[in-house]
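Presented below is the structure to which this report refers.
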Protein chains: 2
Amino acid sequence: MPALEYHLKHIDKHSGARLGEIVTPHGTFPTPMFMPVGTQATVKTLAPEELKTMGAGVILANTYHLWLRPGEDIVEEAGGLHKFMNWDRGLLTDSGGFQVFSLAKNRDITEEGVTFRNHLNGAKMFLSPEKAIGIENALGPDIMMSLDECPPFFESYDYVKASVARTSRWAERGLKAHQHPDRQALFGIVQGAGFRDLRAQSAKDLVSLDFPGYSIGGLSVGESKQEMNHVLDFTVPMLPANKPRYLMGVGSPDALIDGVLRGIDMFDCVLPTRIARKGTVMTSYGRLVVKNAQYARDFTPLDDNCDCYTCRNYSRAYIRHLLKANESFGERLTSYHNVYFLLHLMKQVREAIAEDALNDFRQDFFARYGYFKPNAKNF
Amino acid sequence: MPALEYHLKHIDKHSGARLGEIVTPHGTFPTPMFMPVGTQATVKTLAPEELKTMGAGVILANTYHLWLRPGEDIVEEAGGLHKFMNWDRGLLTDSGGFQVFSLAKNRDITEEGVTFRNHLNGAKMFLSPEKAIGIENALGPDIMMSLDECPPFFESYDYVKASVARTSRWAERGLKAHQHPDRQALFGIVQGAGFRDLRAQSAKDLVSLDFPGYSIGGLSVGESKQEMNHVLDFTVPMLPANKPRYLMGVGSPDALIDGVLRGIDMFDCVLPTRIARKGTVMTSYGRLVVKNAQYARDFTPLDDNCDCYTCRNYSRAYIRHLLKANESFGERLTSYHNVYFLLHLMKQVREAIAEDALNDFRQDFFARYGYFKPNAKNF
């Protein structure tokens, strides 16, 4: 049995969005699915049991962070990441590439790999496609990513062209280095910034290597939502229909719905937990900054349409008090709500697809919620 | 029906320790009991449901902190502290006196009350016995404390004598100001530092006012364990046997056992949660600093004799990783363990009393655990 199976269940006849399921060695989860991010082997502030109660079937962890701390050897010695962090459902790791390009310093990219100084203690390190796969094999997630370069969206055509070609060669090297294709599914990552022909070249290169799934990288990195959707419009059809499609780093409610409409099955993002810790929550009426003074005497829940643990038991006034008083239970309550909000949203999206009604659902949702507008002060 | 009833169930025939129960408007809890501290209307990092799962029947909140933030008026408007913080069992507030003397600045004590500048924004404030009771009436806990002065243990006899007399007058004023004796039980606080005759005077004054329960204050403030036990040896017998006795601010395992042996029914302390957040846990073998490097590859639980959520699911290596990586879930896991440890210890103590075996239990416990030695680096 392969490490991963994708079963297509239904295609919304009006929108084209697809309903499916992904079978992993640690259980099956329905798609489209949002995957909460547990960067350092924990989804910040939340317990595994809470994530399960919310319906999370798969979560993410970060290869770069765990490589640096505690070290993949310790995680392997613990019996793998699932056991280390007490998570028995689906688990996915990125390749570490994105963090090397966003967090590390003094980067030097060659054909062989990337030399850099890490963000924790400045030590010089080297990451190659083989090394990334070696770390991911040691960590032992169900789904792992090839090492890619994620160039800025507005990088030059020539740079992105060379980068895409190298990312394809790195993907092939990673595939060869992979030790456990029987129990860990390795995905290729389609890059190419906003260039249609480069996205096509990237997709063609990777599809020829026959990965069990494909990620779309290099989006949600500063371009507009319109530009992102435009790239998805032409990139998704380049990917095989019988494999899962994962849009990396996207987690605002509007972008999730628009991604699903374009055929995406999986999403991940730190957005829900990151903004939660700063006091911003997602509600069915849009973004709400519960830390604001106007909620000091507001004894209603964060969202009166929400039935999560936080909304069933706590008021805006109490949560605001906890956040103002630097009590971590406040961050826990907002994080719980935001992660639940996205998991619940995706459940509603799946139900809408099953009824060929995602277009209507989108229209209703956007009428209430609008586009997610980040508030610089709260990030 | 009075706001509080104490039922004496059994006295250990060898040690004299007592088993009982306290009935409050929010349920009955067995004694001796340790009360976790939720200073700012939350027991740091823990959810109410978790505290209930551990067997907590009563928790503390701090009048001074809630007066300052969010303000007792907001808590009252929320429907009281129970509702505000989602806690439906026993709830106790201190009077704010201890915090005024330990946290606030520019204190000026007169017969009328205390003027001070608060520790949050330096604003000038005034706390009197009537004001403290007014705040506690607004917060609405089941058990509340009289405003007292807590002088340093090694203060002069003359100072402590005058202070004790004033604390007695303040207790009487508080009793008169109390608006809800039907649903909130007000305790008097016995002071007197290490002076036997002043403790006796304090106890006599307060007992004549017939409070539904008595606290012993002014201990665990720098004196040795031996000195504390000595004070308890002569102070507890000065208190009526048909009322609960609460030793304030004491929470190390050895001090709990030694307090119970001297007839104490209730204890509270921030110790378990405070040291937990710094990476120190209590185990059946003594104190363990899980943050230390020696536990990086230790895949055993914090305490292999413990069956708490943390010990059933997580290793020392994982918890150390979380703490080193500044992940609040690490603080949550150590806090859970430490609070459970004390609640479970008190359960064992109650079982030992029921079997007239607390002396034996103490001997076994101390043989493994010894005295709790704080580590300055980890506080």
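None of the figures in this text is laboratory data; all of them are computed from the coordinates on show. Since this is a predicted model, take the numbers as computed values, not measurements. Neighbour counts run over all protein chains shown; Cβ positions are idealised from the backbone, glycine included.
Worth a mention:
- 3J(HN,Hα) along the range B:40-56, derived from phi through the Karplus expression 6.51 cos²θ - 1.76 cosθ + 1.60 where θ = phi - 60°, amounts to 9, 6, 6, 6, 2, 6, 10, 8, x, 4, 5, 5, 5, 4, 6, x, 5 Hz, with x in place of Gly and Pro.
- Among A:Leu127, B:Leu198, B:Leu247, the order by Cβ neighbours within 10 angstrom, fewest to most, reads B:Leu198, A:Leu127, B:Leu247.
- Contact order, relative form, for chain B: 18 percent (alpha carbon pairs under 8 Å, 6 or more residues apart, mean separation divided by residue count).
- Near A:Lys9, the amide H atoms lying under 5 Å from its own belong to A:Leu19, A:Gly20, A:Glu21; only residues 5 or more places off or on other chains count, and H is placed 1.01 Å from N.
- In a reduced charge model with +1 at each Lys and Arg Cβ and -1 at each Asp and Glu Cβ, the protein assembly as shown shows a dipole moment near 1280 debye about its Cα centre.
- The GNM of chain A, with springs linking C-alpha atoms under 10 angstrom apart, assigns the highest mean-square fluctuation among A:Ser156, A:Ser202, A:Ser95 to A:Ser156.
- Each of A:Tyr214, B:Tyr371, A:Tyr369 has some number of other Cβ atoms within 10 Å of its Cβ, and from fewest to most they run B:Tyr371, A:Tyr369, A:Tyr214.
- Sorted ascending by nearby beta carbons within 10 Å, beginning with the fewest, B:His7, B:His65, B:His178 become B:His7, B:His178, B:His65.
- For chain B, the normalised intensity computed at q = 0.07 Å⁻¹ comes to -0.29 (log10 of I(q)/I(0), Debye sum over alpha carbons, equal scatterers, no solvent).
- For the range B:93-106, 3J(HN,Hα) computed residue by residue from phi via the Karplus equation (6.51, -1.76, 1.60; θ = phi - 60°) reads 10, 7, 8, x, x, 4, 5, 4, 7, 9, 10, 6, 10, 6 Hz, glycine and proline entered as x.
- Potential lengthening of the chain between B:Val207 and B:Glu227 amounts to 4.8 nm, from the contour at 0.36 nm per residue minus the alpha-carbon distance.
- Rounded to the nearest 20, the Cβ-based charge dipole of the range A:276-369 about its Cα centre (Lys and Arg +1, Asp and Glu -1) stands at 600 debye.
- For A:Lys105, inter-copy label distances in nm, listed shortest first [label point 7 Å out on the Cα-Cβ vector]: 3.5
- For the axis carrying chain A to chain B: nearest C-beta residue of A, whole Å: A:Ser328, 2
- Shortest-first distances to equivalent copies, position A:Lys9, nm, label 7 Å out along Cβ: 5.0
- With its label point put 7 Å out from Cα toward Cβ, A:Gly79 sits 4.3 nm from the same residue's point in the other copies, in order from shortest.
- Top of B:Phe366, B:Phe98, B:Phe341 by mean-square fluctuation, Gaussian network on chain B, Cα under 10 Å: B:Phe366
- Amide H contacts of B:Met33 (H built 1.01 Å from N, in plane; Pro and chain starts excluded): B:Met266, B:Phe267 sit under 5 Å, all sequence-distant by 5 or more or on other chains.
- Once the Cα gyration tensor of the protein assembly as shown is diagonalised, semi-axes √(5λ) in Å: 57, 28, 22
- Taking the three principal axes of the alpha carbon atoms in the range A:1-98, the coordinate ranges are 48, 29, 27 Å, sorted in descending order.
- In summary, the lysines within cross-link reach of B:Lys204, defined as a Cα separation below 17 angstrom excluding same-chain residues under 8 places away, comprise B:Lys161, B:Lys243.
- Taking the convex hull of the alpha carbon positions in the range A:276-369 and averaging its projected area over all directions gives 5.7 nm².
- Where only DSSP H runs of four or more residues are counted, the protein assembly as shown gives -12000 deg cm²/dmol as its mean residue ellipticity at 222 nm, each run worth -39500 (n - 2.57).
- Charge-dipole axis of the protein assembly as shown as Lys and Arg at +1 and Asp and Glu at -1 on Cβ define it, positive-most pick from B:Trp67, A:Phe341, A:Asn359: B:Trp67
- Whole-angstrom gap from the range B:21-84 to the range B:186-232, using each part's C-alpha centre: 24
- Taking chain A as a Gaussian network of alpha-carbon nodes connected by springs under 10 Å, the highest mean-square fluctuation of the residues A:Arg166, A:Arg117, A:Arg332 belongs to A:Arg117.
- A simple spin-label model places pseudo-atoms 7 Å from Cα toward Cβ; at B:Lys83 and A:Ser284 they are separated by 2.4 nm.
- ³J(HN,Hα) computed for each position of the range B:266-283 - Karplus, 6.51 cos²θ - 1.76 cosθ + 1.60, integer Hz, glycine/proline x: 9, 9, 9, 5, 7, 3, x, 7, 5, 5, 4, 5, 8, x, 10, 10, 8, 10
- Annotation: amide H of A:Asp298 within the under-5 Å range of A:Ala317, sequence separation 5 or more or interchain, hydrogens built in the peptide plane.
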